[in-house]
Every structure is written in structure tokens, then in C-alpha cells.
Ligand SMILES: [Zn+2]
């Protein structure tokens with residue numbers, strides 16, 4: 001069975017953030033332009049404004065991805081799972 005979403009469009013990616021879809025964490029990251037912090041889908045922090053969000057693909061096979069010039073959200077800000 002194919003997955004419901006492959007997170008290939010901005011619409012699917014934004015939806016994954018809104019629904020805190022943890023299946024998307026290995027597929028893409030998102031950065032918030034107003035804070036210069038990037039994060040993963042499934043993050044429990046406050047939802048950013050859609051217009052401030054940019055999406056970054058995670059290369060297949062790489063568990064973690066760094067975005068040059070941006071900082072990853074510190075664990076204590078991500079909230080509890
Ligand atoms: Zn976060």
C-alpha cells in the first residue's frame with residue numbers, strides 16, 4: 001500500500017507540521033524565517049505562521065540533516081512527546 005502522503009508538495013508538508021506527523025521527520029525539516037531556527041515535523045512547540053515556514057528535504061538515508069546558517073531547536077523547546 002502506498003503511503004498516504006509522500007510530502008512532496010508544500011501543502012503536504014505544511015499539513016504534516018499542523019498534524020504533528022512524526023512519519024515526516026525523516027523526509028523533511030522546516031525552518032522558521034523569523035527565528036532562524038529549524039525543526040522537525042512532529043515538534044510540539046507552537047505552530048509557526050505558514051508564511052514564515054520554509055521546507056528542506058532530508059537526503060534519503062541520512063537520519064539527521066543540518067541547514068547551514070540556521071540553528072536546530074534546542075530539545076527543551078520541543079516539548080514532550
Ligand atoms: Zn521545534
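Details
- Members of the stretch 25-52 that are under 16 Å from residue 67 (Cβ atoms) and in contact with a helix residue (DSSP H, G or I) (Cβ under 7 Å, 6 or more places away or on another chain): 28, 30, 32, 33, 34, 40, 41, 43
- Residue within the stretch 42-52 that is loosely packed, with under 12 Cβ neighbours inside 10 Å, at pLDDT 95 or above and more than 15 Å from the ligand (Cβ to nearest atom) present: yes
- Taking the criterion of being surrounded by fewer than 17 Cβ atoms within 10 Å (Cβ to Cβ) and within 16 Å of residue 74 (Cβ to Cβ), the residues of the stretch 9-41 that qualify are 35, 36.
- Flag if residue 6 is closer than 23 Å to residue 77 by Cβ, surrounded by fewer than 18 Cβ atoms within 10 Å (Cβ to Cβ) and without any contact (Cβ under 8 Å) to a residue 40 or more places away in the chain: no
- Of the numbered criteria (1) surrounded by fewer than 15 Cβ atoms within 10 Å (Cβ to Cβ); (2) closer than 22 Å to residue 8 by Cα; (3) at pLDDT 85 or above, the one residue 69 fails is (2).
The values are calculated or read from the model by the stated rules, or taken from the named source; none is laboratory data. Please read these numbers as outputs of a predicted model, since none were measured by experiment. All Cβ positions, even for glycine, are placed from backbone atoms using ideal geometry, and neighbour counts span all protein chains on display.
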